[in-house]
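Since the structure comes first, as structure tokens, the remarks are kept for the end.
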Amino acid sequence: MWDRGSGMSDEVIRQALVPFYTTKATGTGLGLPLSREILEAHAGTLTIARREGGGTIVTCWLPPALGS
């Protein structure tokens, strides 16, 4: 997933996967950390990066299913 919004600062990217960290007034800070935990439980990864020209890129990767 990617966007062309204002993006995340380096500090927010560093903290984004820490449970309960949020920059939103009504956020819980659980969405990205929980997503990462689920992906890692299935040998996958979640990464966050700044997008050149503005915005943020969140990459989710899962390995191919066994037997595929």
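Per-structure values
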| quantity | calculated |
| --- | --- |
| Per-pair calculated FRET efficiency, R0 = 25 Å: VAL18 and LEU39 via Cβ, rounded to 0.05 | 0.95 |
| Whole-number accessible area per residue in Å² for the chain, which is evaluated in the context of all protein chains at 1.4 Å | 75 Å² |
| Under-5 Å amide H pairs with LEU30, H placed in peptide plane, nonlocal only | PHE20 |
| Extended-chain gain in nm, criterion 0.36 nm per residue less alpha-carbon gap, LEU30 and CYS60 | 9.2 nm |
| Expected 222 nm ellipticity per residue - DSSP helices of 4 or more, -39500 (n - 2.57), all of the chain, to 500 | -7000 deg cm²/dmol |
| Tilt relative to the chain, helix 31-41 - C-alpha long axis, 0 to 90 degrees, to 10 | 20 degrees |
| Accessible-area composition of the chain, carbon plus sulfur, in percent [1.4 Å probe] | 60 percent |
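The values are calculated or read from the model by the stated rules, or taken from the named source; none is laboratory data. Just so we're clear, the structure is a prediction, and the values are computed from it rather than from any experiment. So basically every Cβ, Gly included, is an ideal-geometry build from the backbone, and we count neighbours across all protein chains shown. The accessibility values were calculated without ligands, DNA or RNA, using every heavy atom of the protein model including side chains. Shrake-Rupley method; radii C 1.70, N 1.55, O 1.52, S 1.80 Å.
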